[in-house]
Amino acid sequence: MRVGLTIVLLLLASAGLPVAAAEETKLPYFASMKDATTNMREGPSEDNRVKWVYHRKGLPVEVIATFEVWRRVRDMDGEIGWIHVALLSRERTAVVRGVGLAAVHDKADAGSPLVAEAKPGAVGRLEHCGPVACEVKFDGATGWIDRMRLWGVHDGEQF
């Protein structure tokens, strides 16, 4: 009886492995920084030199490769390095980019009422993305921003 139970438990445990592995292999994907301070390293270990120290919780990064518990990431400025997976979240965020304030509308339609304006560099949580605009939740407002003004979404990606 004990051997049979062990086999069943092993089968159940291994059933989840392909799903988790497949999820990680869908590269590239966006993640965000879990903590207010995050180190980017030159290589995938704590023995490697710290390349950058980020001081922005929620900042999005694009994960472009994986190695054990390390993720090779690209930031919005194109800087590439390694961050430990424990310091990253799968929560989707975006950074407002470009020059001047970005209009935040009530709906995905640019003709809908303005609810706020976001400064370049503002970070918000992505709620939905359509072909033209994404719904972003900031601390003080939630609304739709032209996706061309956001970094943290792949071309053509919708959710």
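The values are calculated or read from the model by the stated rules, or taken from the named source; none is laboratory data. Being a predicted model, the structure only gives us computed values, none of them experimental. No Cβ is skipped: glycine too gets one built from the backbone with ideal geometry, and neighbour counts run over all protein chains shown. Ligands, DNA and RNA are excluded from the accessible area calculation, which covers all protein heavy atoms including side chains. Shrake-Rupley method; radii C 1.70, N 1.55, O 1.52, S 1.80 Å.
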Taking a crude spin-label model, label points 7 Å out from Cα along the C-beta direction, the Leu27 to Ile80 distance in nm is 1.0
Probe 1.4 Å, heavy atoms of protein chains only: per residue, the accessible area of region 26-141 in Å² is 54
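So what is the orientation-averaged projected area of region 29-159, using the convex hull of its C-alpha atoms, in nm²?
Values: hull surface 30.8 nm².
Over every viewing direction, the Cα hull of region 29-159 projects on average to 7.7 nm².
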Accessible-area order for Leu114, Leu88, largest to smallest, probe 1.4 angstrom, reads Leu114, Leu88
So Lys107 and Glu91, fully extended at 0.36 nm per residue minus their Cα-Cα distance, gain in nm 3.5 nm
Computed on Cα atoms only, the convex hull of region 31-83 has an orientation-averaged projected area in nm² of 3.2
